[in-house]
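Notes follow the structure.
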2 protein chains.
Amino acid sequence: MRSNDRFKRAYNRCLDALAALPPGAALDSEAALARDLGVSRTIVRAVLAALAEAGVVSADGRARTLVRAPTAADRFSATETESVRATIEKRFMEMVLQHDVRPGAQVNNLELARQFAVSPSAMREYLTELSQTGLLDRRRDGGWVFRGFDLDFARELFDIRELFELRSAALFADLPGDDPAWAQLDDIERRHHALIADIDHAYKAFSQIDAELHELVNAASRNRFVDKFQSLRSLIFHYHYLWTKDDEKERNLVALREHLVYIAALKSRNRPRIRAAALAHLRSARRSLYASIAKGAPG
Amino acid sequence: MRSNDRFKRAYNRCLDALAALPPGAALDSEAALARDLGVSRTIVRAVLAALAEAGVVSADGRARTLVRAPTAADRFSATETESVRATIEKRFMEMVLQHDVRPGAQVNNLELARQFAVSPSAMREYLTELSQTGLLDRRRDGGWVFRGFDLDFARELFDIRELFELRSAALFADLPGDDPAWAQLDDIERRHHALIADIDHAYKAFSQIDAELHELVNAASRNRFVDKFQSLRSLIFHYHYLWTKDDEKERNLVALREHLVYIAALKSRNRPRIRAAALAHLRSARRSLYASIAKGAPG
DNA sequence: AGATCGTCTAAAAAAGACAAAAGACAGACG
DNA sequence: CGTCTGTCTTTTGTCTTTTTTAGACGATCT
């Protein structure tokens, strides 16, 4: 059956909203709540019924009032509100990037589904989607072959990334002065400075801002294939950053400084300078990825 | 239920093989047949049982002999041997490339499944896979939006194609002289000459040889992302050639001649010459695609 | 009269069911 | 003793069923 994680997330968000109200306050209409929570009225009704059941709100007739302030115990836990899709992605990326599977290994849909505690259909759908990314291949007679997160994959990924990023950066420099992208670039630059200033505490935010910068630059290509590739890159790097801990802070600091040089180059609109800055950053990122793969895979 | 199109294709291939034998001849062992037909022994056994049922072979004990020469009536028809996947792909590409759906239109999984006479799951799996190609987008709340085979798509496709092909061609020129790719290139060149000589009858074969040439060149990149893109390109062009009939012969002849210039340039290993030939061919292919889209979509 | 609510319908997601296909293993045959 | 065959188990591809969600429409309340 379909999981009701949507309902659970809406329920938690509703508790958050109720925490700001005093006991005895009247709740908004169903339609208004649906708008605020970004779900259908059907879900809102289910949430309200559950809140009444839990004794958080009272529902006499059509007037609903807050009975008591919601507590942490009322909330659904993080594992419950996670969509099946997100669960699978996390588990799978963990498996892949931590080198728990050897390149060339056969992947068994049924076994993975059991291992991740999801239905075979959900697993199958995810594998189908991921087979477009080059991490997996579908065998002609059924079954899946894992191609692996190895040096070859990293090389192929970076070769394309270089091709796309250099093209996008050149196009970015040609954007008219009043294009909103310039303001977004300024904002990203400001946040880079803030992050560097507070690097001891905030270095975890690197993955996010890295994705934002490269997505902004690549958007200048106005090309859906570049966009798709970019989101694959973000996905892989997001999880890669998450689990590769050696020299994490230093590594991120180096990348942030390279970003600043790159941003300055973009703002100068000087083609050779942009190209040089982009290449310098890509080369250092490539080296760092190669090194972490060579270390992670002792085979 | 899973369809037995595999069994039916193996059955037809087996009939083809038997047609070469005289009545009374003994058949190979199951394992040998499985190897020859490229299927499992389970299927071979089903095929042999069906052949005995049809009276084509006799099965007394473990010795099997051919009773009579197979006829056309024994064969399964083309529609029966087509896999569900292939059916969907054909119908969908027909719909897309013939402009039966407007860009931005909502695509309904259930309705498509009914229309194509396949199950919603099979349809859904195909749409999931195709959404990686940029022809479709998945909406956050379920449902699909068709992005369309329009001028934007053609432009984005060709921009990437140009990027990849130029890179691949340059790498191709660096292949060592004893690389098998050169022999394959010679073979493709020979078949180009044969095709041009017999263009009045053979112009239908263009789609196939076009895909072969570009796949060979792009293989020099040794990059799975280039390969994936290349197979998407082949898929789209295959069906596009199939249905765009205006000036078909002339169009193909022009492309074949451009191919020959391109092949000669590759053999010269002269970088600027290769680049010029590739660009010339890509530009003319781009123009021809743009023109056919502008004509096909009167909106 | 206008907003709000209860109920119904349709569509999509997930799970479950089942046939087809692949592969393993032991016994039979030469 | 090696090869071939019969049977069984596992896994995949596809279809069907169940549940969840979105949205529409008329009834109800203020």
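Within region A:67-74, is even one residue outside the structural domain of A:LEU235 (by TED's automatic domain parsing) and within 15 Å of DNA strand C (Cβ to nearest atom)?
Of all residues in region A:67-74, those outside the structural domain of A:LEU235 (by TED's automatic domain parsing) come to A:67-74.
Within this subset, residues satisfying the condition of being within 15 Å of DNA strand C (Cβ to nearest atom) are none.
Among the residues of region A:67-74, not one is outside the structural domain of A:LEU235 (by TED's automatic domain parsing) and within 15 Å of DNA strand C (Cβ to nearest atom), which makes the answer no.
Of everything in region A:157-169 that's facing chain B (nearest Cβ under 9 Å) and within 22 Å of the chain's Cα centre (by Cα), which residue is nearest to A:TYR239 (Cα to Cα)?
In this case the residue turns out to be A:LEU157.
Within the group B:TYR241, B:TYR203, B:TYR290, B:TYR262, which residue is in a helix (DSSP H, G or I), loosely packed, with under 15 Cβ neighbours inside 10 Å and either at positive phi or in contact with a helix residue (DSSP H, G or I) (Cβ under 9 Å, 6 or more places away or on another chain) (or both)? Can you show your working first?
On the way: B:TYR241 fails: loosely packed, with under 15 Cβ neighbours inside 10 Å; B:TYR203 fails: loosely packed, with under 15 Cβ neighbours inside 10 Å; B:TYR262 fails: loosely packed, with under 15 Cβ neighbours inside 10 Å.
The unique qualifying residue is B:TYR290.
Of all the residues that make up region A:130-144, how many are open to solvent by less than 40 Å² (accessible area, probe 1.4 Å) and assigned to a strand (DSSP E or B)? Talk me through it step by step, then tell me what you get.
From region A:130-144, those open to solvent by less than 40 Å² (accessible area, probe 1.4 Å) are A:130-131, A:133-136, A:142-144; that's our starting set.
Keeping just the survivors that are assigned to a strand (DSSP E or B) gives A:136, A:144.
The number of residues fulfilling the criteria is 2.
If you go through region B:87-100 one residue at a time, do you hit one that is within 16 Å of DNA strand C (Cβ to nearest atom), within 14 Å of chain A (Cβ to nearest Cβ) and either over 30 Å from B:GLY55 (Cβ atoms) or basic (Lys, Arg) (or both)?
Checked against the condition, which is being within 16 Å of DNA strand C (Cβ to nearest atom), within 14 Å of chain A (Cβ to nearest Cβ) and either over 30 Å from B:GLY55 (Cβ atoms) or basic (Lys, Arg) (or both), region B:87-100 yields at least one hit.
Restricting to region B:130-147, name every residue that is within 25 Å of the chain's Cα centre (by Cα) and within 11 Å of chain A (Cβ to nearest Cβ).
B:LEU130, B:SER131, B:GLN132, B:THR133, B:GLY134, B:LEU135, B:LEU136, B:ASP137, B:ARG147
Working only within region B:4-34, note down all residues that are within 11 Å of DNA strand D (Cβ to nearest atom), part of a helix (DSSP H, G or I) and away from chain A (no Cβ under 14 Å).
Matches in region B:4-34: B:GLU30, B:ALA31, B:ALA32, B:LEU33.
When only residues in region A:1-26 that are among the basic types (Lys, Arg) and within 16 Å of DNA strand C (Cβ to nearest atom) count, which is surrounded by the fewest Cβ atoms within 10 Å (Cβ to Cβ)? Please lay out each step first, then the result.
First, pick out the residues of region A:1-26 that are among the basic types (Lys, Arg): A:2, A:6, A:8-9, A:13.
Add one more test, that the residue is within 16 Å of DNA strand C (Cβ to nearest atom), and what stays is A:2, A:6, A:8-9.
On the way: A:ARG2: 6, A:ARG6: 17, A:LYS8: 20, A:ARG9: 19.
Looking at residues that are among the basic types (Lys, Arg) and within 16 Å of DNA strand C (Cβ to nearest atom), I get A:ARG2.
Please specify each residue of region B:35-48 satisfying the condition of being near DNA strand D (Cβ under 9 Å from one of its atoms) and open to solvent by less than 60 Å² (accessible area, probe 1.4 Å).
Correct list: B:VAL44, B:LEU48.
Test A:GLU212 against the criterion of being at pLDDT below 95 and either surrounded by 15 or more Cβ atoms within 10 Å (Cβ to Cβ) or not assigned by TED's automatic domain parsing to the domain that holds A:GLU94 (or both), and give yes or no.
no
The values are calculated or read from the model by the stated rules, or taken from the named source; none is laboratory data. All values reported here derive from a predicted model rather than from experimental measurement. Positions of Cβ are backbone-derived with ideal geometry, glycine not excepted, and every protein chain shown enters the neighbour counts. To get the accessible areas, we keep the full protein, side chains included, count just its heavy atoms, and leave off ligands, DNA and RNA. Shrake-Rupley method; radii C 1.70, N 1.55, O 1.52, S 1.80 Å.
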